[in-house]
1. With N set to the residue count of the chain, report its C-alpha Rg divided by 2.2 N^0.38 Å to two decimal places.
2. Where in the range 346-417 are there GluC sites (Glu not before Pro) that are in a DSSP coil and have at most 11 other Cβ atoms within 10 angstrom of their Cβ?
3. Express the relative contact order of the chain as a whole percentage, based on alpha carbon pairs under 8 Å and six or more residues apart in sequence.
4. Trypsin sites (Lys or Arg not before Pro), restricted to the range 329-417: which are DSSP loop and have at most 15 other Cβ atoms within 10 Å?
5. What residues have an amide H closer than 5 Å to that of residue 403, excluding those fewer than 5 places away on the same chain, when H is modeled at 1.01 Å from N in the peptide plane?
6. So what J values fall out for the range 182-191 if you push phi through Karplus, 6.51 cos²θ - 1.76 cosθ + 1.60 with θ = phi - 60°, rounded to Hz, Gly and Pro as x?
7. If you take all C-alpha pairs in the range 9-138, what percent of them are over 22 Å apart?
8. Give me the extension gain from residue 303 to residue 34: residue separation times 0.36 nm, minus the current Cα-Cα distance, reported in nm with one decimal.
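Read-outs throughout are calculated quantities, based only on the coordinates presented, and are distinct from any laboratory measurement. Here the structure is a predicted model, which is why all the values come from computation and not from measurement. In this analysis, Cβ positions are derived from the backbone assuming ideal geometry, glycine residues included, and neighbour counts consider all displayed protein chains.
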Amino acid sequence: MPIISRKIENTVLDTLKSFPVVYLNGPRQAGKTTLAKVLLNKKFKANFITFDDWVERVAAKQNPLEYIQATGTPLIIGEVQLVPEIFRPLKKIVDENRQKGLIENLNSNGQYLLTGSANLVAMPELANAMVGRMATLTLLPLSYNEILGTSSNFIDRCFNKDFTNIRPKKLSLIEAIRQASFPEASRLDDNIRNAWYNNYIQKITLEDPQFLYNLDKAESMPLLLSSLAIRAGSLVNDANISREIGLSSVSVRKYRGLLNDTFVTYSLKPWHRAKIKRLVKSPKIYFHDTMLLCHLLGQKPEHILEKSPHKFGHILENFIFTELLKNIHASGSLINLGFYQTNDGKEVDFVLEKNQKIIAIEVKNSEQITSRDISGIKTLQQSAGKEIHCGIVLCNTPRVIPIDKNIYLLPINALWQ
């Protein structure tokens with residue numbers, strides 16, 4: 001099967017021209033190594049090593065400075081978080097090459113492309129060593145845009161308030177959810193896919209936490225993951241989770257952080273303004289891969305849709321979240337993503353903010369949209385005033401419909417047009 005083109009590719013190449021080091025992070029199996037090898041065959045000619053290779057890992061740990069000096073530049077290093085000892089030597093080499101570049105009037109950017117399955121927050125050695133020397137990019141699982149091979153950018157449409165040429169198209173949400181996933185898993189049939197996810201869960205909840213963080217109770221991670229899956233799209237309450245799984249609330253908070261740092265889950269923060277009172281402060285929990293979420297719930301997405309339409313609403317919301325976040329990362333734009341919720345229950349699923357413009361997005365698995373469905377957007381409009389650029393309800397509408405002042409119904413497939 002041909003390799004699917006990733007939208008972040010040009011952003012990676014452009015960033016390598018501006019920084020000595022680029023760190024491409026993201027979930028395990030998101031396609032970071034594949035993308036790195038694609039770049040090797042295009043405009044970034046470099047050597048390639050990965051610390052998933054036991055021999056390379058041991059050699060790098062034993063004498064990191066000599067190891068890095070011997071490999072030369074440009075260099076791509078996969079799963080760099082497995083050898084934290086390498087970060088200080090990297091800093092030394094980068095600084096030496098920078099100094100040489102200044103003396104000889106040579107470009108010292110594009111020396112290293114690092115890939116890893118851990119956020120910089122979880123890797124203080126790397127973060128501290130490479131301050132001012134490194135840019136960080138994130139590659140998430142396949143977006144449905146990438147699957148379709150389209151060049152559309154839904155978020156740009158929203159900020160430009162350009163909903164022209166959005167046409168009704170037959171869309172199987174189930175098929176979109178199934179395909180917009182990890183590249184390898186998206187190609188498997190159900191039986192093999194289940195085995196793949198079982199192995200993946202073993203890796204992210206038991207092996208990675210023990211290896212990376214030396215957790216003393218890593219055996220609690222699978223239980224925590226299942227508990228979070230039930231709460232996908234909901235506010236996080238560590239005390240409730242603590243009582244449910246028998247782990248202290250302090251440990252729950254810590255372990256949730258590790259799942260965020262390794263790109264399994266995402267804690268979406270509430271949008272806020274100092275002048276607006278009575279807003280909730282707890283984050284909502286989402287999963288970077290919606291098929292992983294369905295696997296943890298023990299059901300296929302089509303079965304959830306058939307038997308529990310209300311629960312499928314949470315699955316759809318998680319899926320839309322992942323597509324928005326993938327769009328943001330691929331574009332390289334500075335866009336804040338959050339949600340809006342008041343203490344008295346008024347809410348908007350997603351709030352996008354860019355250059356003091358705000359887009360409010362509500363997700364509904366329905367064609368019939370009522371005034372109640374847009375009440376959260378209208379409340380936010382009243383609170384934030386002119387900052388609200390427009391409100392959008394992604395739903396099963398057959399076409400674009402202005403439903404209220406600066407509020408539009410858009411078909412869900414507008415995400416990919």
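1. Values: Rg = 22.3 Å, N = 417, 2.2 N^0.38 = 21.8 Å.
Compared with the compact-globule rule of thumb, the chain sits at 1.02.
2. Details: sites: 347, 353, 362, 367, 387; in loops: 367.
For GluC sites (Glu not before Pro) across the range 346-417 that sit outside H, G, I, E and B with at most 11 neighbouring Cβ atoms in 10 Å, the list reads 367.
3. 16 percent
4. Working: sites: 346, 354, 357, 364, 372, 378, 386, 399, 405; in loops: 346, 364, 399, 405.
Of the trypsin sites (Lys or Arg not before Pro), the ones in loops of the range 329-417 whose Cβ has at most 15 other Cβ atoms within 10 Å are 399, 405.
5. Counting only residues 5 or more places away or on other chains, the set is 408, 409.
6. The phi angles translate into 4, x, 5, 5, 5, 9, 9, 7, 4, 4 Hz.
7. Details: 2464 of 8385 pairs.
Value for the range 9-138 (Cα pairs over 22 Å): 29 percent.
8. 93.6 nm
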